[in-house]
Amino acid sequence: MDLWLIWLITAGVLAVAEIFTLTAALGILGVAAAITAGAAALGLPPPLQLVVFTALATISLVFARPLASRVLLGTPEAERFGTDGLVGRAARVVSEVTAAGGRVRIGGEVWTARAYDETLVIPPGATVDVMEIDGATAVVYPRE
């Protein structure tokens with residue numbers, strides 16, 4: 001059996017194994033084996049075939065695998081906590097909110113609040129979005 005065919009079969013086996021593991025590593029090794037099969041078909045001697053496979057596999061696993069893992073798994077956004085975790089959340093107006101002040105309920109807590117737009121008067125019961133936290137005051141804007 002020709003060496004290029006052995007490399008091609010190895011690439012196929014690695015590709016099938018990748019389908020079951022979803023680690024990206026076996027798929028990368030399968031691509032390296034497929035490229036090595038092409039090099040073997042062109043007549044590259046067996047010791048150089050091993051060098052080609054090793055070089056491709058090493059470079060791909062070191063550089064391409066972390067990138068592929070980030071794309072496939074998605075890098076989780078850094079979790080926000082404390083007052084940063086409140087920005088973007090919805091709140092319910094407890095007492096009228098103006099540029100001078102008011103109160104909103106964010107989750108289970110009541111916060112002092114002021115309107116993001118100084119010309120707005122937001123009535124009790126309205127739903128607002130927390131735009132920022134300024135000290136202990138939520139700066140809010142009404143939802144449309």
Name the single residue that is farthest from Arg103 (Cα to Cα) among those in the range 113-144 being outside any strand (DSSP E or B) and charged (D, E, K, R).
Glu144
Restrict the check to the range 37-48 and report whether at least one residue is under 29 Å from Glu144 (Cα atoms), open to solvent by 50 Å² or more (accessible area, probe 1.4 Å) and assigned to a helix (DSSP H, G or I).
no
In the set Arg89, Arg70, Arg105, Arg143, the lone residue that is surrounded by fewer than 17 Cβ atoms within 10 Å (Cβ to Cβ) and closer than 30 Å to Leu22 by Cβ is Arg70
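Applying the selection to the range 1-31, what residues are aliphatic (A, V, I, L, M), closer than 18 Å to Ile59 by Cβ and out of contact with any Gly (no Cβ under 9 Å at 6 or more places or on another chain)?
Ala24, Ala25, Leu26, Ile28, Leu29, Val31
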What do you reckon, is Ser95 of a type outside the set (Lys, Arg), surrounded by 12 or more Cβ atoms within 10 Å (Cβ to Cβ) and at pLDDT 95 or above?
yes
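The values are calculated or read from the model by the stated rules, or taken from the named source; none is laboratory data. Predicted, not measured: the structure shown is a model, and the values here were computed from it. Neighbour counts run over all protein chains shown; Cβ positions are idealised from the backbone, glycine included. We work out accessible area using only protein heavy atoms, side chains counted, and drop any ligands, DNA or RNA first. Shrake-Rupley method; radii C 1.70, N 1.55, O 1.52, S 1.80 Å.
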